[in-house]
Amino acid sequence: MIRKASLLLCGALIGGASVIALSQMPVRVSGVANAAASDTYRQLNLFGDVFERIRSDYVEVPDDAALVESAINGMLSSLDPHSSYMSPKHFRDMQVQTRGEFGGLGIEVTMEDGLVKVVTPIDDTPAFKAGVMAGDLITHLDGEQVQGLTLSEAVEKMRGPVNTDIEIVVRREGVDEPITIKITRDTIRIRSVRNRVEGEVGYIRITQFNEQTFDGLKDSIDTLTTEIGEDKLKGFILDLRNNPGGLLDQAIAVSDAFLDRGEIVSTRGRNSDETQRYNARSGDLVGDYPVIVLINGGSASASEIVAGALQDHRRATILGTRSFGKGSVQTIVPLGANGAIRLTTARYFTPSGVSIQAKGITPDIEALQVLPEELRGKVETKGEAGLRGHLKGAEEDEQGSGSQAYVPPDPKDDSQLKLALDLLNGVQANSAFPPVGDKKAGVPN
């Protein structure tokens with residue numbers, strides 16, 4: 001029996017990753033695998049021959065454990081951008097970070113063309129405050145080239161004691177010269193849900209999906225409803241922009257908070273008997289108040305599950321730009337004292353049966369963010385479709401996934417938020433959508 005834990009994740013979080021409850025699942029061996037066994041064993045013999053030649057003839061005495069770990073990581077990383085090996089330390093770190101607190105810089109990263117690419121900086125973290133932006137390519141860490149390092153090795157170098165400094169060099173699209181950024185490491189405490197009153201509208205921002213997310217959402221809904229008043233409340237804005245994802249069970253719980261019935265998401269693996277469907281339970285937390293969900297090119301994985309579920313059930317209007325397009329499920333397989341592997345085991349599908357892998361969620365109302373002059377053309381993300389070796393999506397098209405990935409630090413400069421507020425307040429109507437100012441779901445007819 002193999003202990004597994006499913007997660008949805010855009011990349012590798014500085015300091016770790018996220019995982020849901022462990023479950024038991026039997027090992028399956030297909031007939032094709034049996035038929036290929038003889039060739040497979042010949043290849044394994046080849047691996048053994050190369051391993052022994054390195055041990056005996058390499059110019060210096062190699063570290064056997066490091067060789068095996070590198071071989072395992074190479075095997076996994078050749079599959080897709082999200083499969084990888086986690087050393088015992090990284091696995092422990094991941095388990096700690098699931099609780100929403102870890103040490104590091106506060107950026108979500110992945111690997112692209114041998115460099116570390118920033119998917120998104122996390123709100124109110126050292127990296128965010130230092131000016132690191134989505135789409136930045138990290139080329140150097142404290143003067144050392146990133147080229148040649150694995151993602152895990154680069155992440156390890158970015159970790160360190162609190163209050164110590166690290167100097168990173170980034171390449172930014174549209175900027176000719178490399179940018180040097182000095183960041184002071186800190187304890188990253190992820191407050192995944194924030195809220196505020198916007199006139200008679202309740203604004204809720206979810207920055208990632210960790211163990212505290214659903215409880216934070218529930219508290220935010222209660223707080224905003226009380227502060228504004230049930231008779232005055234015009235609706236809710238759920239901001240998922242630049243949210244890289246996280247725990248599957250939290251994405252399901254957040255979706256369930258706005259739905260009274262129906263399927264939320266399904267996951268489908270290689271074998272038909274591995275399909276799992278997750279349904280909403282009776283009762284929701286917001287009643288008939290209209291909801292607008294904000295997404296952009298940095299909204300990935302668990303964020304896309306929520307947006308897709310609410311869009312398919314016509315429970316919310318999705319506003320913004322095309323999402324990242326990460327529609328695959330990773331399973332954590334613990335290896336006892338030897339760490340764990342993160343393996344892509346399934347694709348997830350929205351309630352209408354659509355896979356968003358390498359395509360993303362297309363908003364009901366496309367609204368580009370008005371950018372400062374110095375950022376124009378510099379905050380686009382290629383999304384999942386732009387990652388080398390990504391799983392091909394059934395719905396993938398030439399347009400690809402990803403889009404603009406920028407949220408202004410000052411809400412006054414946030415044109416997407418302003419449009420959402422105008423729609424809820426009945427100030428502005430879109431020709432394809434009804435006004436959403438009354439107590440009816442703000443969804444297309």
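The values are calculated or read from the model by the stated rules, or taken from the named source; none is laboratory data. Because the structure is predicted, anything quoted here is derived from the model rather than measured. All Cβ positions, glycine included, derive from the backbone under ideal geometry; neighbour counts span all protein chains shown.
List of remarks:
- Any pair with Cβ under 7 angstrom, 6 or more apart, that starts in region 231-243 at a residue that is under 18 Å from G106 (Cβ atoms) and ends at one that is assigned to a loop (DSSP other than H, G, I, E, B) and of a type outside the set (G, A, S): R241/N296; R241/V407; N242/N296; N242/V407; N243/T207; N243/Q208
- Residue within region 140-150 that is outside the structural domain of P411 (by TED's automatic domain parsing) and within 19 Å of M94 (Cα to Cα) present: yes
- Residue in region 332-352 that is among the small types (G, A, S), closer than 26 Å to S272 by Cα, surrounded by fewer than 18 Cβ atoms within 10 Å (Cβ to Cβ) and in contact with a Lys or Arg (Cβ under 9 Å, 6 or more places away or on another chain) present: no
- Yes/no for E396 being part of a loop (DSSP other than H, G, I, E, B) and of a type in the set (D, E): yes
- Where a residue in region 404-419 is under 16 Å from G297 (Cβ atoms) and its partner, wherever it lies, is hydrophobic (A, V, I, L, M, F, W, C) and part of a helix (DSSP H, G or I), with Cβ under 8 Å and at least six apart: Y406/L375
- Region 113-138, subset crowded, with 18+ Cβ neighbours inside 10 Å and of a type outside the set (A, V, I, L, M, F, W, C), residue nearest to G389 (Cα to Cα): K117
- Candidates G160, G202 - the one that is assigned to a loop (DSSP other than H, G, I, E, B) and either under 25 Å from the mean Cα position of the chain (by Cα) or closer than 25 Å to S415 by Cβ (or both): G160
- One residue stands out in region 224-253 among those that are within 15 Å of the chain's Cα centre (by Cα) and not in a loop (DSSP other than H, G, I, E, B): the one that is modelled with the lowest pLDDT, namely G246.
- Lone qualifier among A385, A394 - being out of contact with any Pro (no Cβ under 9 Å at 6 or more places or on another chain), surrounded by 18 or more Cβ atoms within 10 Å (Cβ to Cβ) and in the same structural domain as A307 (by TED's automatic domain parsing): A385
- Residue match in region 136-146 (condition: in a loop (DSSP other than H, G, I, E, B), small (G, A, S), under 25 Å from G297 (Cα atoms) and out of contact with any Pro (no Cβ under 6 Å at 6 or more places or on another chain)): no
- Here G104 meets the list (1) surrounded by fewer than 22 Cβ atoms within 10 Å (Cβ to Cβ); (2) farther than 24 Å from R376 by Cα; (3) of a type in the set (G, A, S); (4) touching a residue at least 40 places away in the same chain (Cβ under 8 Å) almost entirely, failing just condition (1).
- When N210, N163 are checked against the criterion of being among the polar types (S, T, N, Q), in the same structural domain as Q416 (by TED's automatic domain parsing) and at pLDDT below 95, a single residue qualifies: N210.
- Test: residue in region 82-96 that is at pLDDT 90 or above, in a loop (DSSP other than H, G, I, E, B) and not assigned by TED's automatic domain parsing to the domain that holds S299: yes
- Test: residue in region 59-82 that is surrounded by fewer than 21 Cβ atoms within 10 Å (Cβ to Cβ), under 19 Å from F324 (Cα atoms) and either of a type in the set (G, A, S) or in contact (Cβ under 8 Å) with a residue 12 or more places away in the chain (or both): yes
- Checked against (1) touching a Leu at 6+ places or on another chain (Cβ under 9 Å); (2) of a type in the set (K, R); (3) more than 17 Å from I341 (Cα to Cα); (4) at pLDDT below 90, R55 passes all but a single condition, namely (4).
- Selection from region 297-324 of residues that are of a type in the set (A, V, I, L, M, F, W, C) and either farther than 17 Å from L217 by Cβ or touching a helix residue (DSSP H, G or I) at 6+ places or on another chain (Cβ under 6 Å) (or both): A300, A302, I305, V306, A309, A316, I318, L319, F324
Residues checked against (1) of a type in the set (A, V, I, L, M); (2) in contact with a Phe, Trp or Tyr (Cβ under 9 Å, 6 or more places away or on another chain); (3) assigned by TED's automatic domain parsing to the domain that holds Q369:
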| site | (1), (2), (3) |
| --- | --- |
| G235 | no, yes, yes |
| R241 | no, yes, yes |
| P244 | no, yes, yes |
| V254 | yes, yes, yes |
| D260 | no, no, yes |
| L285 | yes, yes, yes |
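- Some residue of region 246-257 being surrounded by 22 or more Cβ atoms within 10 Å (Cβ to Cβ), touching a Ser or Thr at 6+ places or on another chain (Cβ under 9 Å) and of a type outside the set (A, V, I, L, M): yes
- The criterion of being at pLDDT below 90, in contact with a Gly (Cβ under 8 Å, 6 or more places away or on another chain), among the small types (G, A, S) and farther than 25 Å from R342 by Cβ holds for G174.
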